[in-house]
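The values are calculated or read from the model by the stated rules, or taken from the named source; none is laboratory data. Computed from a predicted structure; not experimentally measured. As a convention, Cβ positions derive from the backbone with ideal geometry for all residues, glycine included, and neighbour counts pool all protein chains shown. What goes into the accessible areas is simple: the full protein's heavy atoms, side chains included, and nothing from ligands, DNA or RNA. Shrake-Rupley method; radii C 1.70, N 1.55, O 1.52, S 1.80 Å.
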Amino acid sequence: MLQAQKILKKYYGYETFRSGQEKIIKSILKGNDTFAIMPTGAGKSICFQIPALLLEGLTLVISPLISLMKDQVDALENIGIPSTYINSSLTAIEVRERIDHAKNGLYKLLYVAPERLESENFCHLLKSLHISLVAVDEAHCVSQWGHDFRPSYGAIAPLIKTLPNRPIVSAFTATATKEVKEDVVKLLSFENPNVYVTGFDRENLFFSVRRGMNKEDFILDYIKENKDEVGIIYAATRKEVEHIYENLRKKGYAVGKYHAGLDSDERKKSQESFIYDDLHIMVATNAFGMGIDKSNVRYVIHHNIPKNMEAYYQEAGRAGRDGEHSECILLFGAQDVLLQKFLLEQNPLSLERKRNEYRKLQEMVDYCYTTKCLRKYILAYFGEENIGNNCENCSNCKDDSELTDITIEAQKIFSCIYRMKEKYGTSLVAQVLKGSKNKKVLSFGFDRLSTYGIMKEYTEKEIKDMTNILIAERYLYLTEGQYPMVRLAKKSIDVLKNRERVLQKIPKIKEKAVTDSSLFGVLRKIRKEISTREKVPPYIVFADSTLRQMSEAYPIDKEAMLNIKGVGEEKFKRYGDEFLNTIKKYVQENQIKEVKILDHKIVKESKEEKIPSHIVTLNLYKEGKSLKEIALIREMTPFTIQNHIIRCATEGFDVDLDDFIPKEYESLIIKTIKKIGAEKLKPIKEVLPKEVDYLAIKAVLCKYNE
Ligand code: ADP
């Protein structure tokens, strides 16, 4: 194992194996058939790539997606491991050439698509190679119970049987249901395999479920706060993808879309732009993602509930492959369950499988309603044992939302639904409560109901949003069918009788902090330049986590650079100087003192222990100086000083913002911001009376957290 450890450091630049990797590698190296079940992003590839380097001859990797294959081979070549692939993108001559090279021992790994194995001719060629290990990636594709059944996976076992020397057989998947596990063991012609279910926990992922909220508003707010981050938004239908995509595009975000309705060129272009960091946000159906190895995805938002936990964990697991903190947010709406049921009904499955799918959907719905630890729920689903009760890293363990009492509103909505005889949808109910003069409302005589117009202070959208929350919280429910009617559930009676209060949860969206944002930004730029020059995705050059560590540790020589996680010798040879020079220049320009790395841990020797400028301003202000005086003392513009004060307030220092807001104008400023939006200050200032200055507007924005 010492050798495996050395390879991990030399080629991959990692110090230690992750949970499970060591056992799996050991098992393969001992010559045992090995079946590993690990979640997406846990690091399956290393488990067969390291044995491939240590075993004699060639490792044949069967991988379902052409794009993934190319990516993996690019990544391997990039760290100096000779490998290649054979798939339908090559000509017959190229295939022959690669087989010849393989025969001559030029590669350690050969990736092929399963469809190839259906060709007798190709299998014949394979017989001429010295294959010591077969690694079946995404092994669940062999099972009809899996969510990505690929009939050609059936050709793997016959191939193994006909090879002159039986290779070690290994298989990898993230799917752990009983049926799939049994199928993989049965159908891949394993001989007494060691089976490992390991490391399903992805500690760096924060899981959250948001029920019943206005999804559009949530997504816009979230993206506004995380605009520099990379993320994926999954939606259930093409129509929804188009809608969300348009919304974000109009706001000027670097967003792409991906669904089966686009032609393959459009899809490919969109996927590549995302991989190369030209697009930050990808809005997609579940058609997107297989084959996306991008390591710096910081969030995955599900706009709709997926059909089961396997699909959810696989899609959500595309966040944070680099081990950095990332978020997986599921937006739950009761209508989505109806949609999933409808899709299931359309599916020509056997009764038994349909029942199974319904059960799985229900388990997904239960996930959205559990009040216990979300991580524990997921891990228990996948069969992991000995899990703690609280992870402190999910929205149930760490409830970060604010509560608003909407009992009165709920009572009004319930009584209106009751008076409309529970026969209409949410839109009409909202119109009646708003007091709309809409034709339908009048023709049904709903203007004569006692609940007509009792919520006129709200917009129709606000009333509908609240109704959706009440549905999601199971005070109300929707009937099935094309035009769902909204009805009262038992739970609503207690609210109507004043026995229960309804509290709406409003999540707080936190802004992300970046280590040394300016150096991180500079390094990202260099990585992008290299990526364009070498035509490989940025994350293949270096992962975000590697750049982030560089911007914490400021490595300025080879030794320090090799201590950064993700910098192996080959990578150092390729990119080391470029990054070292940039960091050196940065360190000089910013007068950063030396940083030491001891035992691979970073010990920062104080980075300029200067008091930050805005705190100097705050201290003077606390001494009783006016902002004008401070500007004179510090020889700075009043504008800068104002910004210092606002920054202090934002960072939680004790600043009384009311000092800067004229009381008589406060509500007018709020109204104006609501009307115009808070994107730019100038348009707000222009419509307000002259005596309201910029500082007052900024203070209001800060006070109300806009
Ligand atoms: P999977 O195939 O299981 O979805 P990958 O093999 O693509 O996951 O690995 C996910 C990420 O984790 C990759 O960026 C990989 O380099 C990284 N990784 C794997 N093993 C380790 C390790 N021991 N230490 C640090 N990072 C690792």
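Between L442 and K423, the simple spin-label model (points 7 angstrom out along Cα→Cβ) gives 2.1 nm.
Rounded if a/c is under 1.5, else prolate if a/b is larger than b/c, else oblate: which is the range 237-301, with a ≥ b ≥ c the root eigenvalues of its Cα gyration tensor? Rounded shape, in that the Cα axes give a/c under 1.5. Going by a ≥ b ≥ c, the root eigenvalues of the Cα gyration tensor, does the range 205-399 fall in the rounded group (a/c under 1.5), the prolate group (a/b larger than b/c) or the oblate group? Because a/c hits 1.5 or more and a/b fails to exceed b/c, the range 205-399 counts as oblate. A crude spin-label estimate for the pair L349 and S19, with each label 7 Å from Cα along the Cβ direction, gives 3.0 nm. The GluC sites (Glu not before Pro) of the range 166-226 that DSSP puts in a loop, and whose beta carbon has at most 14 other beta carbons within 10 Å, are E191, E203. With Cα atoms defining each centre, the range 662-706 and the range 78-124 are spaced 65 Å apart in the structure.
Placing S436, S667 in order of accessible area, with the largest value first and a 1.4 Å probe, yields S667, S436. Only protein heavy atoms count here; on that basis, with a 1.4 Å probe, L343 has an accessible area of about 80 Å². With both residues required to sit in the chain, DSSP beta bridges show an antiparallel share near 20%.
Rolling a 1.4 Å probe over the protein heavy atoms leaves D465 with an accessible area of roughly 30 Å². Compared with the dominant principal axis of the Cα atoms in the chain, helix 569-589 is inclined by about 30°. If R0 equals 35 Å, the separation of the Cβ atoms of Y458 and T582 corresponds to a calculated FRET efficiency of about 0.05. Each part gets one Cα centre, and for the range 395-409 versus the range 1-40 those centres are 44 Å apart. For the pair the range 516-580 and the range 259-329, the centres of their Cα atoms are 24 angstrom apart. Classify the chain as rounded, prolate or oblate from the Cα gyration tensor: take a ≥ b ≥ c as the square roots of its eigenvalues, call it rounded if a/c is under 1.5, otherwise prolate when a/b beats b/c and oblate if not. Here the chain falls in the oblate category. Residues whose amide H lies under 5 Å from that of Y111, counting only those 5 or more places away or on a different chain, are V61, T84, Y85, I86; hydrogens are built 1.01 Å from N in the peptide plane.
Rolling a 1.4 Å probe across all protein chains gives V136 an accessible area of roughly 0 Å². Calculate how steeply helix 666-676 sits against the longest principal axis of the alpha-carbon atoms of the chain, using the helix alpha-carbon long axis, and give the answer as 0 to 90 degrees to the nearest 10. For 666-676 against the chain, the angle is about 50 degrees. A DSSP coil position with no more than 14 other Cβ atoms inside 10 Å describes the following trypsin sites (Lys or Arg not before Pro) in the range 431-511: K437, K456, K490, K497, R499, R501, K508, K510. The calculated 222 nm mean residue ellipticity attributable to helices in the chain amounts to -13500 deg cm²/dmol, summing -39500 (n - 2.57) over DSSP H runs of n ≥ 4 and dividing by all residues. Taking Cα atoms only, the orientation of helix 544-553 departs from the longest principal axis of the chain by about 80 degrees.
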